[in-house]
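Student: Take a look at this one; I'll ask things after.
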Amino acid sequence: MFKEIIKGYNWDNIKKTIYSKTAKDVETALAKAYPDVNDFMALISPAAQPYIEQMAVLSRKYTQQRFGKTIQFYVPLYLTNSCINHCVYCGFNHNNDIKRIILTDDQILREVEAIKKIGDFQHILLVTGENPRDAGVDYIENAIRLVKPYFSSISIEVQPLKEEEYRQLTATGLNAVYCYQETYNKTGYKTYHPKGMKSKFDWRVDGFDRMGKAGVHKIGLGILIGLEDWRTDVTMMALHLRYLQKAYWQTKYSISFPRMRPHEGENFQPNIIMTDKELAQLVFAFRIFDHDVELAMSTREGSRFRDHMTTLGITSLSAGSKTDPGGYAVYKQELEQFAVNDDRNPDEVLKAVKKQGYEVVWKDWDLSLQ
């Protein structure tokens, strides 16, 4: 289990190692066909910033070799904002005085109908707040059954589940699970997640092992950029990725890089501000580190930045996203989990992708090859 392996790594020592990297370390990493985690630390270090153009060239090369000139489109469908957690950075925080919504079967189908009108999406991501009482595994399974006739690939982003529950959902038609550890800094983790099941660091980090044991086709990892030193956090995520790839080698993997966005409720300010240039550096570093992993970018990021990154390493984009339950057809402007930055409709994003000589893949092409 990764929770045991992570005990062997010291956060402060990793941070010190990253910030002590030199130009020579960066050049050594860039010269390798398959960099290791130590090389990855060099590529995300401040010492690598003068090499960002060279990193971009390599990132584009490896991405086109593995994925061609394609970008996969997916759409999130928020089913509920009911949540028992007290995450200080989230609009769904249990303490926030908001209208809690749990979509009914009819409302879910209305949302699906509205989604189908705005784009030929075949890859849907079902998202819930973390409240097992109102949106537990039975509710999620029912939602999968409802949307299955309309989509070729179904993913979820929900509370961490038991191994047998992941098996249950996989048998129903689940293809992928996305779960963000938010931060691998166990000491700081409790500060951002003071109450609720999400406050249990080990239960959350163990969830990825449970997914792997259950045979989930694709597992998505991510950290929330803005909580802790991002370079140290993504290094821990890279270590986690390598562990999972070795332990569950038949599973596919995805990495996301969400930066904090405004939300309803408490006015939590990011501890760390990551610039666009630094985010680009991180994307390039991950692609050079792992040529095959899916790199996803949501509408948290602005249109100009997303357009630029589509040719340089990103392989999966959301488009036309609504981050409030029922936001496509049932309700309007109730409560977003976070404020969308790229508010273009799918057709506008599609045109921007094609303008750069890339093709949009609406379904999960990896799954379709099986």
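Student: Going through region 52-68 one residue at a time, which ones are under 18 Å from residue 28 (Cβ atoms) and surrounded by 14 or more Cβ atoms within 10 Å (Cβ to Cβ)?
Tutor: 52, 54, 55, 58, 59, 62 - these are the residues of region 52-68 that are under 18 Å from residue 28 (Cβ atoms) and surrounded by 14 or more Cβ atoms within 10 Å (Cβ to Cβ).
Student: Still on this model: Consider region 299-317. How many of its residues are in contact with a Phe, Trp or Tyr (Cβ under 9 Å, 6 or more places away or on another chain) and open to solvent by 20 Å² or more (accessible area, probe 1.4 Å)?
Tutor: Count: 1.
Student: Please verify whether region 246-263 includes one or more residues that are at pLDDT below 95, part of a helix (DSSP H, G or I), surrounded by 20 or more Cβ atoms within 10 Å (Cβ to Cβ) and of a type in the set (Lys, Arg).
Tutor: Looking through region 246-263, none of the residues is at pLDDT below 95, part of a helix (DSSP H, G or I), surrounded by 20 or more Cβ atoms within 10 Å (Cβ to Cβ) and of a type in the set (Lys, Arg).
Student: Turning to a different aspect of this structure: I need the full set of residues from region 54-87 which are in a strand (DSSP E or B) and either at pLDDT below 90 or of a type in the set (Ser, Thr, Tyr) (or both), in order please.
Tutor: 70, 74, 78, 80
Student: Could I ask something else about it? Of all residues in region 196-212, which are part of a helix (DSSP H, G or I) and out of contact with any strand residue (DSSP E or B) (no Cβ under 9 Å at 6 or more places or on another chain)?
Tutor: Correct list: 197, 199, 201, 202, 203, 205, 206, 209, 210.
Student: Right, next: In region 35-51, what count of residues is obtained for those that are in contact (Cβ under 8 Å) with a residue 12 or more places away in the chain and either open to solvent by 80 Å² or more (accessible area, probe 1.4 Å) or in a loop (DSSP other than H, G, I, E, B) (or both)?
Tutor: 3
Student: State yes or no: is residue 144 modelled with pLDDT of 95 or more and among the hydrophobic types (A, V, I, L, M, F, W, C)?
Tutor: yes
Student: What number goes with the only condition from (1) in a helix (DSSP H, G or I); (2) more than 24 Å from residue 75 (Cα to Cα); (3) more than 17 Å from the chain's Cα centre (by Cα) that residue 307 does not pass?
Tutor: Single failed check for residue 307: (2).
Conditions (1) open to solvent by 60 Å² or more (accessible area, probe 1.4 Å); (2) under 18 Å from residue 218 (Cβ atoms), marked per residue:
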residue: 108; (1), (2): no, no
residue: 112; (1), (2): no, no
residue: 117; (1), (2): yes, no
residue: 122; (1), (2): no, yes
residue: 136; (1), (2): no, no
residue: 141; (1), (2): no, no
residue: 148; (1), (2): yes, yes
residue: 153; (1), (2): no, yes
residue: 164; (1), (2): yes, no
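Student: Pairs please, first residue from region 2-17 and of a type in the set (Phe, Trp, Tyr), second anywhere and open to solvent by less than 100 Å² (accessible area, probe 1.4 Å) and not in a helix (DSSP H, G or I), Cβ atoms under 6 Å, 6+ apart in sequence or on different chains.
Tutor: 11/185
Student: Let me ask another. Test of understanding: among 226, 302, which residue is of a type outside the set (A, V, I, L, M), touching a strand residue (DSSP E or B) at 6+ places or on another chain (Cβ under 8 Å) and over 17 Å from residue 37 (Cα atoms)?
Tutor: 226
Student: Picking from 191, 172, 183, which residue would you name as being within 20 Å of the chain's Cα centre (by Cα) and among the polar types (S, T, N, Q)?
Tutor: 183
Student: Among helices (runs of 4 or more DSSP H) lying entirely in region 88-195, which contain 2 or more residues that are over 29 Å from residue 260 (Cβ atoms) and either in contact (Cβ under 8 Å) with a residue 40 or more places away in the chain or among the β-branched types (Val, Ile, Thr) (or both)?
Tutor: Per the criteria, 105-118, 137-147, 163-172.
Student: Kindly evaluate residue 217 against the criterion of being touching a Leu at 6+ places or on another chain (Cβ under 7 Å), over 19 Å from residue 130 (Cβ atoms) and open to solvent by 10 Å² or more (accessible area, probe 1.4 Å).
Tutor: yes
The values are calculated or read from the model by the stated rules, or taken from the named source; none is laboratory data. Remember, predicted model here, so these are calculated numbers, not experimental data. Cβ sites come from the backbone with ideal geometry, for glycine too, and all protein chains shown count toward neighbours. Side chains included, ligands, DNA and RNA excluded: accessible areas come from the protein's heavy atoms. Shrake-Rupley method; radii C 1.70, N 1.55, O 1.52, S 1.80 Å.
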